[in-house]
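I have placed the structure first, in the form of structure tokens, so that the comments after it can refer back to it.
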Amino acid sequence: MTAAAPLIELRHISKSFGPIDVLQDISLKVHAGEVLCLLGDNGAGKSTLIKILSGVHRPSAGEILLDGRPVAFASPKDAQTCGIATVHQFGGTFPLMSIGRSFFVGVEPTKGWGPFRVFDRKRANTIAVQAVRDFGITRIDDGDRLVGGLSGGERQSLAIARAVHFGARVLILDEPTAALGVKQAAHVLRIINEAKRRGLAVIFITHQVTHAMAVGDHFAVLIRGAIAADFRKGERTREEITDLMAGGEIMAHIEAAIEGAHADT
Amino acid sequence: MTDRTAAASPALARRSAGRAFSPGSHLRRPEAGALLGLLAVTLFFLVFGGTGFLQPAGVASWLNVAASLGIVAIPVGLLMIAGELDISIGAMIPAGSMTVAIIAGHGDQSIWLAIAAALALGVVVGWINGTLVNVTGVPSLIVTMGTLFAMQGVVLGLSVLFTGTVSVALPPEESGPVAKFLFGQFIGGAFQVVIVWWILLTALYVFYVHFSPWGNWIFAMGGDRESARNAGIPTRRMMVLLYILSATSAAFVGLCQAILFNSAQVSAGMSYIFNAIIAVVVGGVLLTGGFGSVIGIVFGTLTFAIVNQGIYFTDFDRNWSSLIIGVMLLAAVLMNNVFRRMALNYSPKRT
Ligand SMILES: Nc1ncnc2c1ncn2[C@@H]1O[C@H](COP(=O)(O)OP(=O)(O)OP(=O)(O)O)[C@@H](O)[C@H]1O
Ligand SMILES: [Mg+2]
């Protein structure tokens, strides 16, 4: 697509937790304005891979390049400073905190100076409420409400809205549509397209083929920690992608097995 | 990043920014239950004991108890908000008093050296607690129980080794007038100077926990440790800092007591463990973390101290105060649960 260096690149990344090898020799590139869909079965290592990209884990081997330059993230803060915002698979919000405070955890807006800087509650609430409302969650209009009082999908929308707000260059979404209704899921896909149009690099993890095919430019399939397939939009059929996502098994066989189970009972 | 700010509609800004002033909005705050509890016990002792405990001598009796307890209860409460416990304070209070008494009283060294050593001991033990909790992943109740007993052993052993006793004198002439004035005087003949320290420290805590950006981190850590870490909060460093704060605060209370009473005993802190936890929980802090307030802890501390001392102003036998504290603890926790549920379910307009 472009001759420029990829915005973010992984070279020969491996990761093991003690004796368990979770990722082996992963190499991937994402250009600005491109969506990479990361697919794979449960336990394939998708979340682990994006935790490396967001500074949560350090790779056991290999390197990460940002704009063609090697970077090492010592903490999630480092990755954020480089403009990488991540919505992790679980959590991301704090049930007993207010919407405004939860939105700005770790990047609190302040007013005043020096040791007398105070948390700017008004500004935090206004921005947070606006960001979730932009998401189509119009039921929320008070930033002092506690996050725990929101529905699961509203909480997830809040986490995504936060990442979109702070994701300056790379947006990573780990199964963002898992808890969402049809309308909100469609909105997440719209958000991804919008981020792409603004020139962000997006990494999107999903188990839903329809969602992947709707926004993906580039697909990578992980099977047991290794890249099993890496292709661009239009190079594979929907059935082939589905089979790959099921960990390489032929979906038709799986469906037959389900039918069989039904027949037995 | 900032361009989105301007996009907020003015009407929305007004609605989301101004805190609605209604009695409901106060009931939803963490300290609501503690304030009601405080009013209830005050009323109880007014009815059964008369106004004696609100006279200066009476006020001094419970304020003195509250101040020493309050100085340790706030950092213990912050740890609880962050999702951890610290019971090693029970050993750090006598450790603080024995350190000053041994160095300045028994060893005839400068009182300032002794005070610095006591506080440094707090920093070291706090650092050990925090690091052990971070590294081992063992529940902090067990980790600090370990350091509680370890420090008791160290204090007892060293005390016997250096002085041959378990109780060391710290005569006023060894403390000197300045240290005595700062840490161990009775203001107006009845009010311990730690009350002033408690008020100053409380003001600092209120600012840092509820107004500065760092306070947010403590709540986030208790709400969801992993998400807090993923959001870029240095959770491990914060944890070590909070443990240093509680151990040093306990050592500080210990050294103030030694200077005030002119002596130190090895076994003078265990009651603080339960008392601090009671004050914190009655004060509206959620035992599992993520919710609470400094002012609530102050109310909880005052409530505890009034029950503890108020009994002397009634005709009841002293032993009944434990019954009141037990009932009050349960009532406070139930009430706090109700208020927290109200806070969670609150939405400005029901649709
Ligand atoms: N901190 C850890 N220590 C040890 N093993 C881990 C750790 N984190 C993940 N694993 C292991 O790594 C493997 C991959 O996990 P990961 O969460 O990356 O899978 P995933 O592809 O995101 O799956 P899912 O689709 O279910 O979210 C799993 O077998 C998991 O048990
Ligand atoms: Mg995952």
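No value in this document is a laboratory result; all are computed from the given coordinates. The shown structure was predicted, so the numbers you read here are calculated from the model rather than taken from an experiment. When we count neighbours, we look across all protein chains shown, and the Cβ atoms used for this are built from the backbone with ideal geometry, even at glycine.
Summary table below
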{"quantity": "Values of log10 I(q)/I(0), in the order q = 0.15, 0.20 Å⁻¹, for the range B:120-219 under a Debye, Cα-only, solvent-free model", "calculated": "-1.03, -1.12"}
{"quantity": "Cα pair distances exceeding 15 angstrom across the range B:247-326, given as percent", "calculated": "66"}
{"quantity": "Amide hydrogen neighbours beyond the local backbone of A:Val87, cut-off 5 Å, H modeled", "calculated": "A:Ile172, A:Leu173, A:Asp174"}
{"quantity": "Residues B:Leu302, B:Leu78, B:Leu39, B:Leu119, sorted so that the one with the fewest Cβ neighbours within 10 Å comes first", "calculated": "B:Leu39, B:Leu119, B:Leu302, B:Leu78"}
{"quantity": "Residue-by-residue Karplus 3J(HN,Hα) for the range A:103-109, coefficients 6.51, -1.76, 1.60, Hz, glycine and proline x", "calculated": "4, 9, 3, x, 9, 4, x"}
{"quantity": "Sorted by Cβ density within 10 Å, fewest first, the residues A:Lys29, A:Lys46", "calculated": "A:Lys29, A:Lys46"}
{"quantity": "√(5λ) per eigenvalue of the Cα gyration tensor, chain A, largest first, Å", "calculated": "33, 24, 17"}
{"quantity": "Cα long-axis angle, helix B:213-223 against chain B (0 to 90 degrees, to the nearest 10)", "calculated": "90"}
{"quantity": "Cβ neighbours within 10 Å from other chains - mean over A:172-183", "calculated": "0"}
{"quantity": "Convex hull of the range A:66-118 built on C-alpha atoms - directionally averaged projected area, nm²", "calculated": "5.9"}
{"quantity": "Expected-Rg normalisation [2.2 N^0.38 Å, Cα atoms] applied to the range B:191-338", "calculated": "1.18"}
{"quantity": "Spherically averaged projected area of the range B:222-278 from its Cα convex hull (nm²)", "calculated": "5.3"}
{"quantity": "Taking the C-alpha atoms of the range A:47-140, convex hull volume expressed per residue in Å³", "calculated": "152"}
{"quantity": "Cα-Cα pairs of the range A:93-222 separated by more than 23 Å (percent)", "calculated": "36"}
{"quantity": "Along principal axes, Cα extents of the protein assembly as shown, largest first, whole Å", "calculated": "88, 61, 56"}
{"quantity": "Shielding of A:136-145 by partner chains, average beta-carbon count, 10 Å", "calculated": "5"}
{"quantity": "Degrees separating the helix B:270-282 axis from the principal Cα axis of chain B, which is the longest one", "calculated": "20"}
{"quantity": "Mean-position separation - Cα centroids, the range A:108-168 and the range B:39-112, in angstrom", "calculated": "39"}
{"quantity": "Along principal axes, Cα extents of the range B:57-208, largest first, whole Å", "calculated": "46, 40, 25"}
{"quantity": "With eigenvalues of the C-alpha gyration tensor scaled by 5 and rooted, the range A:1-52, Å", "calculated": "24, 13, 7"}
{"quantity": "Per-selection metrics, the range B:72-119 (Cα): Rg and Dmax in Å", "calculated": "13.8, 42"}
{"quantity": "Entries in A:Lys15/A:Lys183; A:Lys77/A:Lys183; A:Lys46/A:Lys77; A:Lys122/A:Lys196 that, when Cα-Cα distance is taken, lie over 26 Å", "calculated": "A:Lys15/A:Lys183; A:Lys77/A:Lys183; A:Lys122/A:Lys196"}
{"quantity": "Cα principal axis extents for chain B, largest first, Å", "calculated": "72, 52, 35"}
{"quantity": "For chain A: relative contact order, % (alpha-carbon pairs under 8 angstrom, 6 or more apart)", "calculated": "25"}
{"quantity": "Choice from B:Asp317, B:Asp224, B:Asp86 with maximal GNM fluctuation in chain B (Cα, 10 Å cutoff)", "calculated": "B:Asp317"}
{"quantity": "Nearest-ten-degree value, helix B:172-183 long axis tilted from longest Cα axis of chain B", "calculated": "10"}
{"quantity": "Where the Cα pairs of the range B:290-342 fall when distances are cut into 10 Å bins, in %", "calculated": "22, 47, 24, 8, 0"}
{"quantity": "A:Asp142, A:Asp21, B:Asp315 arranged by Cβ crowding within 10 Å, fewest neighbours leading", "calculated": "B:Asp315, A:Asp21, A:Asp142"}
{"quantity": "Two-decimal Rg/Rh across the range B:194-254, once Rg and the Kirkwood Rh are taken from alpha-carbon atoms", "calculated": "1.05"}
{"quantity": "Residue-wise HN-Hα coupling along the range B:191-200, computed from phi with Karplus coefficients 6.51, -1.76, 1.60 (Hz; x: Gly, Pro)", "calculated": "8, 5, 5, 4, 4, 5, 4, 4, 5, 4"}
{"quantity": "For residues of A:50-63, the mean tally of beta carbons on other chains within 10 Å", "calculated": "1"}
{"quantity": "Amide H partners (placed H, <5 Å) of A:Ala228, local residues excluded", "calculated": "A:Val221, A:Leu222, A:Ile223"}
